[in-house]
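Everything below concerns the one structure shown next.
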Amino acid sequence: MIELEPVIGLEIHVQLATKTKMFCGCEPVFGENPNTRTCPVCLGLPGALPVINERAVDFGLRLGLALGCELANRSIFHRKNYFYADLPKGYQISQFDEPLCSGGFLDGVRIHRVHLEEDAAKLVHSSSSGRIQGADSSVVDFNRGGTPLAEIVTEPDITSAAQAREWLSLLRTTVKSLGISDVSMEEGSLRCDANISLRPVGETTLGTKTELKNMNSFRFVEKGIEAEIERQRELIQSGGTVVQETLHFDPRSGSLTALRSKEEAHDYRYFPEPDLLPVAVGPEMIKAAQDSLPELPAARASRYEEEFGLASELAQRLAFNGDLGDLFEATAAICGAGSDARLVATWVNGEVSSRVDEGSDQTVEPEALAELLGLLEDDKITTAAARGILDTLIEHGGSPADLVESQGLGKVGGGDELSAAVDAAIASDPEAAAKVAAGEQKALGPLVGLVMKATQGRADGGEVRALIFSKLADS
Amino acid sequence: MSTDSTKLSVTETVAAVASGLLSKAELHAAWLDRAGLDDLNALSWVSDSPELVHGDGPLGGVPLGVKDLFCTEGVPSQSGSKILEGYLPPYTATVVEALAQAGAPLIAKTHQDEFAMGSSNENCAFGPVLNPWDRGRVPGGSSGGSAAAVAAGLVPWALGTDTGGSIRQPAALCGVVGLKPTYGSVSRYGMIAFASSLDQAGPITRTVADAGLLYSQMTGKDPRDATSVEHPDSVEPVVPMDLTGVRLGVPEELTGEGVEPGVREAFEATLDLARSLGATVAPCPLPHAPHALSAYYLIAPAECSSNLARLDGVRFGLRVDPDEGLDGMYGATRAAGFGPEVRRRIMLGTYALSSGYYDAYYGRAQRVRTLISQDFDSAFEDFDAIVTPTSPSVAFELGSKTADPLSMYLSDFCTVPMSLAGIPAISIPNGLSDGLPVGFQIAGPAFSENRILGIAAALEDGLKFDGSPAWIA
């Protein structure tokens, strides 16, 4: 059977956190009462005209610089014409053949272009699925309409669902560090569509692609792409052909459904927006954008290596996921120079990241994590106990020291309690004890297990083993 | 002051108000009476307010007629279309607001061709406007209501808009003055758009001085219109220019075939007058001008097909919902709301922008537009102004061209090239031909309004046109 490889390109929409909308003075706010953030311009009333939000252009330039793009010194807005109830003017003001930024590169993935456009309004359908199919009626909330968007289009350089997720996470970190967007997938300020095709390994031409929409979390991006790769793989390997279409991923069922082809048959009749002049990007605008650039993830990773002595892979994992990087830096700062930043890094990357969804508010505070790792470093608690405490901290918060105290999680060691537990274990399994005494290392396991059970994991494994040996040697 | 105050030009009226000879209340009452006499279907709405609110500006409280397509808060703004019948905007167009502040409050709205598409006012969903000189004839279009209202003395002055000739041609056919300013020198915010890259508001008045006065308070950069610009010169009160040594160019391409004999005769007579006042008159080539109409009828419909997409029945205006889903509602609403000429141009424009045809139509038309602009640039190296008849014919009979859109489109043959180039042009009354007014057009380079107004005023003095259709007196 032919081996197939996935070819994936992403289209990411980022809502820019400007004070006003892309072409009018309305304030874009998430979660306000419907249709309270509107004016003649963003409602598309007769006679109203757009004016370009300079801040949005500045944000677009910052984004272009951070992604290593070439910035156009002249850029044009076009009208993209189509009828839909969420598009009040009957056209979206977007960019076509002269985008603000072209080319670029981020962690192994080439950027095709970055352009600015306005967001559509929000349609709310009264149907069980919340989708237009089968809806009795639909209403429109124009609050979102006209919010500035940057659309980032990558080249098809991604080869797996996991890579797509990781790369998107790096992009989110980059955009977040620029301070130009809330980049929340839940609230829709970061949206990702994927173009997916398969081709035989070694082939250079692209296969027929499908476009996957509506993946509104990092997990769904990975799951959705994975599902579509599998669907195409099965289709091709059973002799079928992929049809170019747009698919909707339903995260609840994991299923993919095609949007009606009628919605696809668009001729957008692009033409230069006659109500706007071309955007002239002068050297002073570029300099302002350059001056505002923060430390970007790649530079941050290098700094982690130098400043904290982290291995490069670990440094990158933290720096490329901004939430983890922030937590690591804050925690390491509280722990201070005397402690081992590598322990903090390992915990943030391993224990914390496996417990906290990206972008989620339910996480651990750096103060609490620093205290927890301090207890661990000072040998007051075992690793197993620390993991349990971390669960509690993420779920309910609280102070690690208090939790150790109130739940009796302090480490057992050196004293009578551990000695008694070891004695009890030897007594309850004399057969294993005899084998250990005879030099059979494998028999040690059950004895250690009994001690751990008796101490609820609060004992140190090495200390328990040493104690068993010494007691059996003495006998 | 007697009721004759309405016979004064605005410039004279402003002086009378300033010197205390005329009170603003008298002025207002007199013009409400005049507006009430409309039997031409020129006015779409007349104020019922006993007092018009306006600022203390230089326009002296002289009320203004405003073309239907300007949005006016709480006042019907329908752009001559059934799809906007009774539409009350929540805001007022920048220029209407500015003129009220300057002392010219809104007294009436005027009928027009639907969405400003037409040269006869017969494309108005609310019936045609009649020409006050001959009620069997059209007033021109699309600002026919404004031109007829000024000519008949229903309003002292009015706002029109010009996309390919829509101020100048009706001004010519009604025997009044119409100025299409430089593109961008007047805000378009609040004008219901026809073709965004061409639309421009301007005055329709009885005298050249009045046109200059109104324009001086209209021009300026509007932060709400990104294509608007500050006029580089201040617009001065109009003084007739000494024409000695002024070089007038006559483009053969716009004055040859197709111009009626009577119109030609009047045009030649005015060239003689200009010569007698010291001007030089010489042929001036505009080699691409004959292609202007073709380019215009691709660019304007293309833009209108997009501009009119917002009239979709969702948020305002007419909605016809046969319960066949969203697409069914769109189709039914637009089929019922738009008249045949608007539907024709939407289809033309949609086609011209279609993928695969864009370069051949819209792209090529834009290249022609650039060439026409360059023609004018070279011409203005040798000439101070370019002059042509405004319209190749006098007012035609109602219904005589409605079946033949191409012959109707030819009405704008002499005005469209200036629109494409974005340059200012003014039409002044050039006498009568068989009892009907003829127009004389003067065009200059961008922002040369002071110059063309000055030339126009000099010729106006020499022509001594009696600006009233006989029945007014």
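Can you tell me which residue among A:Leu16, A:Leu10 is more than 14 Å from chain B (Cβ to nearest Cβ), open to solvent by less than 20 Å² (accessible area, probe 1.4 Å) and more than 29 Å from B:Ser228 (Cβ to Cβ)?
Among A:Leu16, A:Leu10, only A:Leu10 is more than 14 Å from chain B (Cβ to nearest Cβ), open to solvent by less than 20 Å² (accessible area, probe 1.4 Å) and more than 29 Å from B:Ser228 (Cβ to Cβ).
Output the number of residues of segment B:69-83 satisfying the condition of being over 18 Å from B:Asp162 (Cα atoms) and either of a type outside the set (A, V, I, L, M, F, W, C) or buried (at least 23 other Cβ atoms within 10 Å of the Cβ) (or both).
Residues flagged as over 18 Å from B:Asp162 (Cα atoms) and either of a type outside the set (A, V, I, L, M, F, W, C) or buried (at least 23 other Cβ atoms within 10 Å of the Cβ) (or both) within segment B:69-83 amount to 6.
Going by the conditions given, is B:Ala282 open to solvent by 30 Å² or more (accessible area, probe 1.4 Å), at pLDDT 95 or above and more than 14 Å from chain A (Cβ to nearest Cβ)?
yes
Yes or no: segment B:301-314 includes at least one residue that is more than 13 Å from every other protein chain (Cβ to nearest Cβ) and either open to solvent by 10 Å² or more (accessible area, probe 1.4 Å) or among the aromatic types (Phe, Trp, Tyr) (or both).
The initial filter retains those residues of segment B:301-314 that are more than 13 Å from every other protein chain (Cβ to nearest Cβ), namely none.
Scanning segment B:301-314 turns up no residue that is more than 13 Å from every other protein chain (Cβ to nearest Cβ) and either open to solvent by 10 Å² or more (accessible area, probe 1.4 Å) or among the aromatic types (Phe, Trp, Tyr) (or both).
Find the residue count for segment A:291-310, including only residues that are in a helix (DSSP H, G or I) and either basic (Lys, Arg) or touching a residue at least 60 places away in the same chain (Cβ under 8 Å) (or both).
4
Any residue in segment A:446-467 that is open to solvent by 40 Å² or more (accessible area, probe 1.4 Å) and hydroxyl-bearing (Ser, Thr, Tyr)?
No, because not a single residue in segment A:446-467 is open to solvent by 40 Å² or more (accessible area, probe 1.4 Å) and hydroxyl-bearing (Ser, Thr, Tyr).
Has segment B:144-156 got any residue that is closer than 17 Å to B:Ala104 by Cβ, among the β-branched types (Val, Ile, Thr), more than 14 Å from chain A (Cβ to nearest Cβ) and in a helix (DSSP H, G or I)?
Yes, the conditions are met somewhere in segment B:144-156.
Please pick out the residue among B:Arg224, B:Arg188 that is over 20 Å from the mean Cα position of the chain (by Cα), touching a residue at least 24 places away in the same chain (Cβ under 8 Å) and either over 15 Å from B:Leu159 (Cα atoms) or not in a helix (DSSP H, G or I) (or both).
B:Arg224
Find the residue count for segment A:32-57, including only residues that are touching a Gly at 6+ places or on another chain (Cβ under 6 Å) and at pLDDT below 95.
Total satisfying the criteria: 0.
Only one of (1) away from chain A (no Cβ under 14 Å); (2) among the β-branched types (Val, Ile, Thr); (3) part of a loop (DSSP other than H, G, I, E, B) fails for B:Ile204. Which number is that?
The single condition B:Ile204 does not satisfy is (3).
If you check B:Leu318 against the conditions, is it within 14 Å of chain A (Cβ to nearest Cβ) and assigned to a loop (DSSP other than H, G, I, E, B)? Reasoning before the result, please.
Working: within 14 Å of chain A (Cβ to nearest Cβ): yes; assigned to a loop (DSSP other than H, G, I, E, B): yes.
Spelling it out, B:Leu318 is indeed within 14 Å of chain A (Cβ to nearest Cβ) and assigned to a loop (DSSP other than H, G, I, E, B).
Test A:Pro274 against the criterion of being surrounded by 13 or more Cβ atoms within 10 Å (Cβ to Cβ) and within 14 Å of chain B (Cβ to nearest Cβ), and give yes or no.
Yes, satisfied.
Please determine whether any residue of segment B:61-68 is under 15 Å from B:Leu311 (Cβ atoms), open to solvent by 10 Å² or more (accessible area, probe 1.4 Å), modelled with pLDDT of 95 or more and touching a helix residue (DSSP H, G or I) at 6+ places or on another chain (Cβ under 8 Å).
No.
Could you run through segment B:8-34 and say how many residues are open to solvent by 40 Å² or more (accessible area, probe 1.4 Å), closer than 16 Å to B:Trp157 by Cβ and hydroxyl-bearing (Ser, Thr, Tyr)?
1
Any idea which residue in segment A:37-64 is nearest to the other protein chains (Cβ to nearest Cβ), counting only those that are within 31 Å of the chain's Cα centre (by Cα) and open to solvent by 30 Å² or more (accessible area, probe 1.4 Å)?
A:Ile52
In segment B:84-95, which residues are more than 10 Å from every other protein chain (Cβ to nearest Cβ) and open to solvent by less than 10 Å² (accessible area, probe 1.4 Å)?
Passing the criteria: only B:Val95.
Here is a list: B:Ser44, B:Ser49. Which entry is surrounded by fewer than 19 Cβ atoms within 10 Å (Cβ to Cβ), out of contact with any Leu (no Cβ under 7 Å at 6 or more places or on another chain), of a type in the set (Gly, Ala, Ser) and more than 29 Å from B:Pro237 (Cβ to Cβ)?
Of the residues listed, the single one that is surrounded by fewer than 19 Cβ atoms within 10 Å (Cβ to Cβ), out of contact with any Leu (no Cβ under 7 Å at 6 or more places or on another chain), of a type in the set (Gly, Ala, Ser) and more than 29 Å from B:Pro237 (Cβ to Cβ) is B:Ser49.
The values are calculated or read from the model by the stated rules, or taken from the named source; none is laboratory data. Since the model is a prediction, treat every value here as computed from it, not as a measurement. No Cβ is skipped: glycine too gets one built from the backbone with ideal geometry, and neighbour counts run over all protein chains shown. These area figures cover heavy atoms from the full protein model, side chains too; ligands, DNA and RNA do not enter into them. Shrake-Rupley method; radii C 1.70, N 1.55, O 1.52, S 1.80 Å.
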